[in-house]
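S.K.: My structure is below; once you've seen it, I'll send some questions.
The values are calculated or read from the model by the stated rules, or taken from the named source; none is laboratory data. Note that the coordinates shown come from a computational prediction; the quantities given were computed from them, not determined experimentally. All Cβ positions, even for glycine, are placed from backbone atoms using ideal geometry, and neighbour counts span all protein chains on display.
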Amino acid sequence: IQATEAIKLILGIGEPLIGRLLLYDALNMEFDQVRLRKNPNCPICGENRTITELIDYEQFCGMPAHDHSLYVGADTGNGTAVPQITPQELKTRLDAGNDLLILDVREPHEWDISNLEPLGAILIPQGQVLDRMNELDTAKEIVVQCRSGARSAAVIRQLQQHGFQKLWNLDGGINRWAQEVDKSLPVY
């Protein structure tokens, strides 16, 4: 129905559901309509409009659309900020011979799609990390990675609560690594 409404608006044909709400009862296979009244205080369609044109994403949200570090690495209020490392920074450090452990917290089927095992990465799925954290060297810097950076950030917060300090989140995960560093890896 949404697609049909969009087509009607684009082509300027038919009667779009502007100002009406279409109700669908799947159990009885019935449709009904409800007329909607404008909210006089609405900043877009009300009597005293304050929003009269579109603004860009950054202006509206106050942050760039794809700057993962602004939300994944933010301090959650309990001192658990997640330090970020970009794929290029990680590559530079690995090329320089820095002794880093890459901890992949994805599921085994994701590891099978693409992984950083040639760089020494190990797989411990997110749900097993706390049970297997004794396998991790607390003295070593650990770069935690997942597909896009969200699960790894959650794991870092958990590990921080258990005394781990030398932790980095691979910003954008293995997908960003595949886009920026190793284009032979599949992005999924």
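S.K.: Can you tell me how many residues in the range 1-13 are within 19 Å of Gln33 (Cα to Cα) and loosely packed, with under 11 Cβ neighbours inside 10 Å?
M.R.: 3
S.K.: So, Val82, is that one modelled with pLDDT of 90 or more, within 30 Å of Asn169 (Cα to Cα) and part of a loop (DSSP other than H, G, I, E, B) or not?
M.R.: yes
S.K.: Given the conditions (1) assigned to a loop (DSSP other than H, G, I, E, B); (2) touching a helix residue (DSSP H, G or I) at 6+ places or on another chain (Cβ under 6 Å), report the number of the one that Asp137 does not fulfil.
M.R.: (2)
S.K.: Still on this structure: Does at least one position in the range 147-160 carry a residue that is in a loop (DSSP other than H, G, I, E, B) and more than 14 Å from the chain's Cα centre (by Cα)?
M.R.: no
S.K.: If the Cβ limit is 7 Å and pairs must be 6+ apart or interchain, which residue in the range 10-24 that is within 25 Å of Cys42 (Cβ to Cβ) pairs with which residue that is of a type in the set (Asp, Glu) and assigned to a strand (DSSP E or B)?
M.R.: Correct list of pairs: Leu23/Asp32.
Yes/no matrix, rows are residues, columns are (1) touching a residue at least 60 places away in the same chain (Cβ under 8 Å); (2) surrounded by fewer than 15 Cβ atoms within 10 Å (Cβ to Cβ); (3) among the aliphatic types (A, V, I, L, M):
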| position | (1), (2), (3) |
| --- | --- |
| Pro108 | no, yes, no |
| Ala121 | no, no, yes |
| Arg132 | no, yes, no |
| Gly149 | yes, no, no |
| Asp171 | yes, no, no |
| Val181 | yes, no, yes |
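S.K.: For the range 116-155, name all the residues that are in contact with a Gly (Cβ under 9 Å, 6 or more places away or on another chain) and either of a type outside the set (A, V, I, L, M, F, W, C) or under 14 Å from Ile102 (Cβ atoms) (or both).
M.R.: Thr138, Gln145, Cys146, Arg147, Ser148, Gly149, Arg151, Ser152
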